[in-house]
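Written below as structure tokens is the structure these notes are about.
The values are calculated or read from the model by the stated rules, or taken from the named source; none is laboratory data. In this text, all values refer to a predicted model and were calculated from it rather than measured experimentally. Note: ideal-geometry Cβ built from the backbone for every residue, glycine included; neighbour counts use all protein chains shown. We work out accessible area using only protein heavy atoms, side chains counted, and drop any ligands, DNA or RNA first. Shrake-Rupley method; radii C 1.70, N 1.55, O 1.52, S 1.80 Å.
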Amino acid sequence: MPADDTNPAHHRAGPRARGCFPASPAFAGLPGGTCPAGAAAAPERPGLALRGRTGGATGRRPPAAAGRAPRRTTGSSRPPRGSGLRRLYERARRTWDRPLTAYYLILGSSLLITVLGLVMVYSASMIKALELNLSASYFFRKQFVAAVIGTGLLLLASRMPSKLHRALSYPLLAVSVCLMALVQVPGIGRSVNGNQNWLYLGGPFQLQPSEFAKLALILWGADLLARKHDKRLLAQWKHMLVPLVPVAFMLLGLIMLGGDMGTAIILTAILFGLLWLAGAPTRLFAGVLGIATLVGFMLISTSENRMSRLSCIGAIDLGPKGECWQAVHGIYALASGGWFGSGLGASVEKWGQLPEPHTDFIFAIAGEELGLAGTLSVLALFAALGYAGIRVAGRTEDPFVRYAAGGVTTWITAQAVVNIGAVLGLLPIAGVPLPLFSYGGSALLPSMFAIGLLIAFAREDPAAKAALAMRKPGVRWKTMRRRVKKRPSGER
């Protein structure tokens, strides 16, 4: 049909809409090659040949393919603001939720605390050892030997099954009770700083049985509550309290006979942690807490030494008789450390000013030599260890693992809070060491065994088992061989 030259729309469309193309080899053989003189001189734009051959005479873009969204032609191609932070957050969250997170947190944080503790024990105890006419590394060498033995106990506990842990609970409790009773026998027990809670083993070695009593109460109490949980007896308050509370009170009585109020506080915290994990009702929990508070108040009010320690909370002067000397000089050590400390070995307070610089107040020496950055690092490590313990206790289906992991976490975190709170002047000085950090083999050995328990419980998680199995060399090699596709014979 011939073109209608009288049509206005036809004239508005121009020569290219009528099928007229410029004189170019790209349009050879196409219909409509005859163009007006003005059209032949029109400039050729890049991509016109592609649009003319695929888009038809109108020059429009072809419709988007089915199932594929059309490309955006306007706007910036940059990701929206905050997408990088969002991806970083999602990646960190996925990493945090991996099955082996608790396992690595427990292993890494406990190892770092122990190593840093060895360094600080050496730095804080040098002057004390020289005052006693001993070698400067005397206390460090003893702590190092205890750390080596504790590492063996940690590895042993991490490889033991839960059944063996439960089987050891009753013998450990019986041995702890017998040793704590021997402490009170004249000639066998030894008094240190006014507390009759040590056994002399000969030579430079002493033993504090009350430290092992903490571990014994956790294992025995976890086994007892787990067996009652399986029999559905914990709903009755008599089964929840008996015999757990009477046995705990017996241990507390043996400890208080020696005058060790600090260890009694930690043992009470462990008891409350077990009752809380067992689902004790609020009124029952409040009743036990009220009784313990009343007994503690009576014990404190009847001792002048304990009352003086209570009066030194937040003290800024030494007192009329110097009763707040240790608390005030602990604050001096922390204040003089500044942001990054005076450097390892450069503490001033350990030169006879601060009592117990390598045991109860080692955190103050760490603050003086490592500064605020060092103390915050120690707090972060204990926070990571506490979080990992709570995660292990919360994600397991085994009641024994839940109670034992919760008891160990309560023990470590409560003792760290009591020690650090006393150094900061927020709590009375209780005379308890900083777990895994302070000098003392009797405190380090059961603590490292307890860390081994947490590691064993973290490994028993089904997802963690599968992840650890994939990391074995044989399994990983077989998995990689299955994933590699065979190539043709001639392909490189």
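Give me the 1.4 Å probe accessible area per residue for the range 333-471, excluding ligands and nucleic acids, in Å².
34 Å²
How large is the Kirkwood hydrodynamic radius of the range 128-231, counting all unique pairs of alpha carbons, in Å?
Hydrodynamic radius (Kirkwood, Cα only) of the range 128-231 equals 16.2 Å.
Going down the table (Lys142/Lys350; Lys214/Lys465; Lys163/Lys231; Lys163/Lys465), which pairs top 21 Å between alpha carbons?
Beyond 21 Å between Cα atoms: Lys214/Lys465.
Loop-only check: which trypsin sites (Lys or Arg not before Pro) in the range 258-344 are DSSP coil with at most 10 other Cβ within 10 angstrom? Please report the intermediate quantities before stating the final value.
Values: sites: Arg283, Arg306, Arg309, Lys321; in loops: Lys321.
Sites meeting the loop and neighbour criteria: Lys321.
Residues with amide H under 5 Å of Thr359's amide H, sequence separation 5 or more or different chain, H placed in the peptide plane at 1.01 Å from N; which?
Tyr439
Given 0.36 nm per residue, what is the gain on full extension from Trp351 to Tyr200 after removing their alpha carbon distance, in nm?
On the way: separation 151, 0.36 × 151 = 54.36 nm, distance 2.83 nm.
Difference between extended and current length: 51.5 nm.
Quick one: if you stick a label point 7 Å off each Cα along the C-beta vector at Lys321 and Trp96, how many nm between them?
According to this spin-label approximation, the distance is 5.1 nm.
List every residue whose amide H lies under 5 Å from the amide H of Asn197, counting only residues 5 or more places away in sequence or on a different chain, with H placed 1.01 Å from N in the peptide plane.
The answer is Arg190, Val192.
What is the Å³ per residue value for the convex hull set by the Cα atoms of the range 301-349? Before the final figure, lay out the partial values.
Values: hull volume 4.3 nm³, N = 49.
Cα convex hull per residue, to the nearest whole number: 89 Å³.
At a 1.4 Å probe, what is the % contribution of carbon and sulfur to the accessible area of the range 299-396? All intermediate terms of the calculation are to be shown ahead of the outcome.
Values: 3130 of 4790 Å².
That fraction is 65 percent.
Take Lys350, Lys231, Lys142 and sort them by solvent-accessible surface of the protein heavy atoms, 1.4 Å probe, largest at the top.
If we order Lys350, Lys231, Lys142 from most to least accessible, we get Lys231, Lys142, Lys350.
Before anything else, pin down the relative contact order of the range 214-325: Cα pairs under 8 Å, at least 6 apart, normalised by residue count, whole percent.
Across the range 214-325, relative contact order equals 19 percent.
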